[in-house]
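The values are calculated or read from the model by the stated rules, or taken from the named source; none is laboratory data. Only a predicted model underlies this, so the values are computations on that prediction, with no experimental measurement involved. Neighbour counts run over all protein chains shown; Cβ positions are idealised from the backbone, glycine included.
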Amino acid sequence: MNIVISYLLLAAILFCIGLYGALSKKNAVIVLLSIELMLNAVNLNLIAFSKYGVNPSLAGQIFSLFNITVAAAEVAVGVAILISVFRTRNTSDVVDMDTMKR
Amino acid sequence: MESVYSQYAWLILLFPLAAFVLILCVGRQAKTFAAVTGIVGTLASFVVSLLIMFERMGGGAEDYAWKEWVWLSFGETDIAMGFEVNSLTAIMLVVVTFVSLLVNVYSRGYMAEDERIGVFYAYIALFTFSMLGLVLSVNLLQLYIFWELVGVCSFLLIGFWYHKPEAIAAAKKAFIVTRIGDVGLFLGMLLLFWQMPGHSLDFLAITNAFHNGEMPGWVATAAAILIFVGAVGKSGQFPLHTWLPDAMEGPTPISALIHAATMVAAGVFLVARTFDIFLASTAALDTVAYVGGFTALFAATIAIAQNDIKRVLAYSTVSQLGYMMMALGLGTEAGKDASMYHLFTHAFFKALLFLAAGSVIHAIGKQDIREMGGLARSMKTTMWTFAAGTLALAGIVPFGGFWSKDAILAEALHEHPLLFWVGVITAFLTALYMARLFFLVFAGKPRSQYSAHESPAVMTVPLVILAVMAVAGGFAYPWIQGESLAGHLDVTTMALTTAAGVLGIALGWMLYGRPKSSEDVLAARAPWLHRLLQNKYYIDELYDAVFVKTLRTLGYLLHLIDRFIVDGAVRLVAGGSLALGRLGLRLQNGQLQTYGLVSLLGLVILIIAVAGRRYFHVG
């Protein structure tokens with residue numbers, strides 16, 4: 001069996017764990033953390049294909065550097081929003097963060 | 001000889017109808033106009049009826065029938081409407097128009113203080129039109145239409161004073177009880193329609209078919225009995241008699257017109273009109289005779305214990321109608337003739353009695369005879385006319401009732417001796433209760449406080465006219481029919497009925513006429529019997545327990561079914577839609593994580609659909 005499958009499997013498991021956390025956690029910080037986990041799983045995928053894929057090249061690794069940068073920027077903005085929301089609503093529970101009329 | 005006036009018999013129908021329409025359009029507020037229109041309408045009809053009758057007398061003119069107007073046609077059958085004049089209808093026309101005319105005149109005085117007198121005259125005009133239409137009908141269907149119309153008018157007039165709950169209840173009762181009879185009549189009509197050659201319901205065709213023996217026996221018996229059920233309802237025979245006494249809640253002029261002289265006679269008229277069906281079946285004839293005889297005796301026993309002046313007369317009407325039915329049930333031409341004879345004389349003296357009772361009620365405002373007495377001094381005309389009516393009803397010579405009752409009993413002696421004795425005993429009871437009524441109302445001293453004065457001329461003149469007819473009617477009928485009076489009679493019968501009548505009056509005078517005997521002797525001697533009779537053998541209570549309560553419970557059950565099962569099904573559907581909606585509501589709760597989950601599920605399904613094509617070969 002191709003070795004790439006092990007790397008892909010690991011990335012898939014990490015991605016699923018991240019997805020589960022993003023969809024079911026109460027705390028907004030944990031949700032952001034799970035999103036980071038998903039992004040990192042994608043990075044693993046990219047690097048695995050760059051070495052063992054059908055067309056091995058350096059493009060995968062370069063792309064994963066871009067991904068890390070984007071993830072960092074996104075976390076900065078995300079935490080800023082979270083702090084701002086926390087200051088107005090005094091809660092970090094995602095369930096309370098909607099503007100539906102009750 | 002071709003009849004001249006019979007061709008204009010439709011005018012007889014037109015005048016009351018025109019009066020009805022006119023009064024409705026104009027006269028509801030204009031009371032004098034309403035009264036005058038009503039009187040003029042019936043007068044015109046009466047004149048035409050008289051012309052037709054005089055033309056027929058002495059064997060002058062022949063029967064005339066016009067049935068050209070096709071009302072309904074389906075397939076090859078045509079149902080026509082028209083009018084027919086023969087000896088039976090000619091005499092009924094005179095009776096109905098004459099009594100209606102007198103009641104119209106009388107009502108001018110009786111209902112003078114009533115606000116709705118215009119409406120009253122309109123209803124009477126409509127009733128006269130319906131009754132005359134019934135009389136002139138050419139086929140059973142047309143008769144049924146007018147039969148129902150007469151029932152409606154009766155309902156309207158009984159419940160005329162609709163703010164009295166007893167009047168409303170009585171009107172409903174009258175309509176519903178007669179409706180039960182009408183179902184029988186309708187079934188008979190359907191049976192005849194089915195079995196008659198050419199599906200014809202014409203009276204002429206019926207006469208021909210049954211006279212020649214073309215129809216099977218069971219058709220004759222079934223049709224006759226069903227038609228008789230209709231007559232039982234309308235003419236108040238046992239067991240559908242309960243509505244007639246209650247119908248006395250209506251104003252007295254209409255008690256006289258509808259429930260004494262005309263509408264209740266419609267049942268007798270129907271049986272006479274379809275007599276050939278009855279002649280073809282002895283079972284039906286026996287039913288008619290025994291029901292009639294039983295009713296006559298039954299009602300007479302109740303009448304001797306009643307205390308309302310109008311109820312005594314109502315039960316008397318039921319009893320006399322029983323006589324007429326009994327005569328028809330004897331199954332001979334002479335019997336049918338005697339029955340119509342009695343209908344003729346009865347119309348006059350019963351209307352007279354009711355109008356005289358109305359005069360009393362109008363004068364003193366009370367109806368209970370235990371509170372009356374001593375009116376002989378203050379209301380002479382009323383007293384003398386009431387006495388004439390009493391003697392006629394009791395069958396004392398030479399008053400009208402004697403000759404007609406005698407004709408019936410003479411025929412009964414020939415055919416059904418048992419019924420003859422029933423008739424004689426009933427004659428005795430009739431004389432007794434009428435004597436009781438007369439003496440308690442007019443003789444002795446007043447038993448309660450009231451002031452009485454004689455009624456105005458507009459009320460007493462019809463009384464006098466009717467009193468004259470009560471005497472002359474006995475002689476008028478044979479004269480009209482062109483037969484001799486002696487042909488109807490029989491010496492034994494005359495002797496027995498006179499004895500019964502005189503005995504009844506004598507007993508009545510002994511018990512109620514003498515000054516010291518004003519308390520009810522029957523109540524004192526046999527209180528249980530008196531209670532039984534006074535409560536009309538508890539038949540109303542029996543019907544209430546058996547029919548009314550059962551139907552009410554059934555109605556309540558059905559109401560529950562409607563509320564919980566039928567409505568429940570509707571509410572179930574509505575509830576289902578709501579539940580479905582609430583389910584969808586959970587999908588849009590504003591939670592990001594829910595939206596994310598849903599998107600994920602959609603994506604998974606998409607991936608399976610696209611990538612799975614390689615493995616499952618669905619495409």
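Below, the figures for the structure above:
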| read-out | value |
| --- | --- |
| Residue count for region B:573-603, restricted to those that are within 13 Å of chain A (Cβ to nearest Cβ) and assigned to a helix (DSSP H, G or I) | 12 |
| Count of region B:367-386 residues which are surrounded by fewer than 17 Cβ atoms within 10 Å (Cβ to Cβ) and in contact with a Phe, Trp or Tyr (Cβ under 7 Å, 6 or more places away or on another chain) | 0 |
| Which listed residue, of B:57, B:81, is within 29 Å of residue B:345 (Cβ to Cβ) and touching a residue at least 60 places away in the same chain (Cβ under 8 Å) | B:57 |
| Some residue of region B:330-343 being closer than 30 Å to residue B:460 by Cβ and out of contact with any Ser or Thr (no Cβ under 7 Å at 6 or more places or on another chain) | yes |
| Selection status of residue B:168, without any contact (Cβ under 8 Å) to a residue 12 or more places away in the chain and either under 30 Å from residue B:123 (Cβ atoms) or part of a helix (DSSP H, G or I) (or both) | yes |
| Region A:18-33 - residue that is within 11 Å of chain B (Cβ to nearest Cβ) and of a type outside the set (A, V, I, L, M, F, W, C) and, of those, nearest to residue A:97 (Cα to Cα) | A:26 |
| Any hit, region B:563-572, residues being within 14 Å of chain A (Cβ to nearest Cβ) and modelled with pLDDT under 90 | no |
| Among the residues listed as B:410, B:467, the single one being under 27 Å from the mean Cα position of the chain (by Cα), at pLDDT 85 or above, assigned to a helix (DSSP H, G or I) and among the small types (Gly, Ala, Ser) | B:467 |
| Residue B:392 surrounded by fewer than 21 Cβ atoms within 10 Å (Cβ to Cβ) and within 30 Å of residue B:328 (Cα to Cα) | no |
| Of all residues making up region B:436-452, the number that are over 19 Å from residue B:260 (Cα atoms) and either of a type in the set (A, V, I, L, M) or modelled with pLDDT of 80 or more (or both) | 7 |
| Contacts under 9 angstrom Cβ, first residue in region B:23-48 being within 14 Å of residue B:458 (Cβ to Cβ), partner outside any loop (DSSP other than H, G, I, E, B) and of a type in the set (D, E, K, R), 6 or more apart | B:32/B:108; B:35/B:108; B:36/B:108; B:38/B:108; B:39/B:108 |
| Some residue of region B:308-317 being over 20 Å from residue B:387 (Cα atoms) and touching a Ser or Thr at 6+ places or on another chain (Cβ under 8 Å) | no |
| The one condition in (1) assigned to a loop (DSSP other than H, G, I, E, B); (2) within 14 Å of chain B (Cβ to nearest Cβ) that residue A:54 fails to fulfil | (2) |
| Residue B:490 modelled with pLDDT under 80 and either aromatic (Phe, Trp, Tyr) or closer than 18 Å to residue B:426 by Cβ (or both) | yes |
| Selected residue (criterion: surrounded by the fewest Cβ atoms within 10 Å (Cβ to Cβ)) from residues of region A:87-98 that are more than 9 Å from every other protein chain (Cβ to nearest Cβ) and either in a loop (DSSP other than H, G, I, E, B) or in contact with a helix residue (DSSP H, G or I) (Cβ under 6 Å, 6 or more places away or on another chain) (or both) | A:90 |
| Test: residue in region B:433-444 that is of a type in the set (Lys, Arg) and assigned to a helix (DSSP H, G or I) | yes |
| Checklist (1) farther than 30 Å from residue B:299 by Cβ; (2) exposed (fewer than 11 other Cβ atoms within 10 Å of the Cβ) applied to residue B:600, failing item | (2) |
| Complete set of residues in region B:526-559 that are closer than 16 Å to residue B:173 by Cα, surrounded by 12 or more Cβ atoms within 10 Å (Cβ to Cβ) and aromatic (Phe, Trp, Tyr) | B:543 |
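Residue-by-condition table, conditions (1) within 14 Å of another protein chain (Cβ to nearest Cβ); (2) within 21 Å of the chain's Cα centre (by Cα); (3) surrounded by fewer than 16 Cβ atoms within 10 Å (Cβ to Cβ):
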{"site": "A:11", "(1), (2), (3)": "no, yes, no"}
{"site": "A:15", "(1), (2), (3)": "yes, yes, no"}
{"site": "A:39", "(1), (2), (3)": "no, yes, no"}
{"site": "A:74", "(1), (2), (3)": "no, yes, yes"}
{"site": "A:100", "(1), (2), (3)": "yes, no, yes"}
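Listed here are the residues, each with its yes/no results for (1) in contact (Cβ under 8 Å) with a residue 24 or more places away in the chain; (2) hydroxyl-bearing (Ser, Thr, Tyr).
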| site | (1), (2) |
| --- | --- |
| B:172 | no, no |
| B:185 | yes, no |
| B:199 | yes, no |
| B:203 | yes, no |
| B:207 | yes, yes |
